[in-house]
1. Restricting to DSSP H runs of at least four residues, report the calculated mean residue ellipticity at 222 nm for the chain, -39500 (n - 2.57) per run over all residues, nearest 500 deg cm²/dmol.
2. Return the carbon/sulfur percentage of the accessible area of segment 184-260, one whole number, probe 1.4 Å, all protein chains in place.
3. Any idea what log10 I(q)/I(0) is at q = 0.10, 0.23 Å⁻¹ for segment 1-106, Debye with uniform C-alpha scatterers and no solvent?
4. Once you have all Cα-Cα distances for the chain, histogram them in 20 Å bins from zero and send the whole-percent values.
5. Any chance you could run the full-extension gain for Lys214 through Ser6? It's 0.36 nm times the residue separation minus the Cα-Cα distance, nm to one decimal.
6. Would you mind getting the accessible area per residue of segment 1-118, heavy atoms of the protein chains only, 1.4 Å probe, in Å²?
7. Express the carbon and sulfur contribution to the solvent-accessible surface of segment 39-126 as a percent, rounded to the nearest whole number, probe 1.4 angstrom.
8. So how far, in whole Å, is the C-alpha centre of segment 287-326 from the one of segment 169-240?
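The values are calculated or read from the model by the stated rules, or taken from the named source; none is laboratory data. Just so it is clear, the structure is predicted and the values come from calculations on it, not from any experiment. All Cβ positions, glycine included, derive from the backbone under ideal geometry; neighbour counts span all protein chains shown. These accessible areas exclude ligands, DNA and RNA; they are computed on the full protein's heavy atoms, side chains included. Shrake-Rupley method; radii C 1.70, N 1.55, O 1.52, S 1.80 Å.
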Amino acid sequence: MRFTISRDQLLAPLQLVSGAVEKRQTLPVLSNVLMVVDDSKLSLTATDLEVELKAQVDLEGEFEPGEITVPARKLLDIVRSLGDGENVKVEQSETRLKVITPSSRFSLSTMSANEFPNLDETVSLASLELTQDVLKSLIEKTQFAMAQQDVRYYLNGMLFEFDNDKLTTVATDGHRLALSRAKASIDADDKISAIIPRKGVTELARLLEHSDDKVTVNLGSNHIKVIGPDYSFTSKLVDGRFPEYEKVLPRNGDKIVIADRELFKESLSRASILCNEKFRGVRFMLTNEQVRLHANNPEQEEAEVEFGVDYKGSDLEIGFNVSYMIDVMNTIKTPQVKLTFIDANSSTLIEEVDGGESVYVVMPMRL
């Protein structure tokens, strides 16, 4: 294998795939990136057996086809250290890969490409094409609610639900829930859902851009694959049953509050300064046209913050984890938010005022 490429052309795909490489690996070859030169293209692939990232770049000039694996982090650090626009000559020599520039020479250890695992791809059960912007927005509006290292492993990821004319993403950690929908033309025989693991969601969000470039999403029985302009992403699916989220959405709430989102967020942040750092509880007291937030901590310190809202109805006192509320306010982008309450023991529904396709549910706390 031999080719010449500019430092910038090599750096971009290397950075793209390196997210799949874990620092600690059970198999030594998983610390490597697979390099394949063929048909005037350089292909780079990295995997941790759960997520696989693949990027391609066109080669100009002479090249010799071949394939080999080299340490991903070391190669990335070498390419990063080079000067902008510097030409890099890469050639395989027996058990070494040489990286040569006019002023530097590096010799990296290699492992056979035959040892590099390939994530098995199954027959596609559903497929759709949509813009990167739509898919990235769906993930951004829901990913904060995913669980972290929960024993209910199916919560440590995001539900993707493929229905006739819409794609729905849902995430929950059992205390809060985030849901977002977008119109999409889906090629599938029936409604199909899949849980994508946390790392897969994080890496996919990193890959996608807020652009109108199209991506193709293929869902199989064990994997999901997203094919972009110059990359492909494959992730295993979580084998589990996601909670029936429709049953969690509060119904028949009669206390509707319209609040300025930025003012609400600032007030929550102020009250949180003196809340219990472990439980993060804040008391929410709703009266006519006003909300009063109250927080205290084991040191007997207290905070009280008041702000005006659009509300006419009976008084309500309810407790919340303030961090959950702030996460929702950071995710919603509209100037105003709509909060629908039932009573002190029921979950609260939070939406964009303009009736967007995203909804959020936060469970109450006993304070």
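1. Counting only the DSSP helices, I get -5000 deg cm²/dmol.
2. 42 percent
3. At q = 0.10, 0.23 Å⁻¹ the computed log10 ratios are -0.25, -1.36.
4. All Cα pairs considered, the percentages come to 26, 44, 26, 5.
5. Length gained between Lys214 and Ser6: 72.2 nm.
6. Per-residue value: 50 Å².
7. Heavy-atom surface of segment 39-126 belonging to carbon and sulfur, 1.4 Å probe: 42 percent.
8. Taking the Cα centre of each part, segment 287-326 and segment 169-240 sit 36 Å apart.
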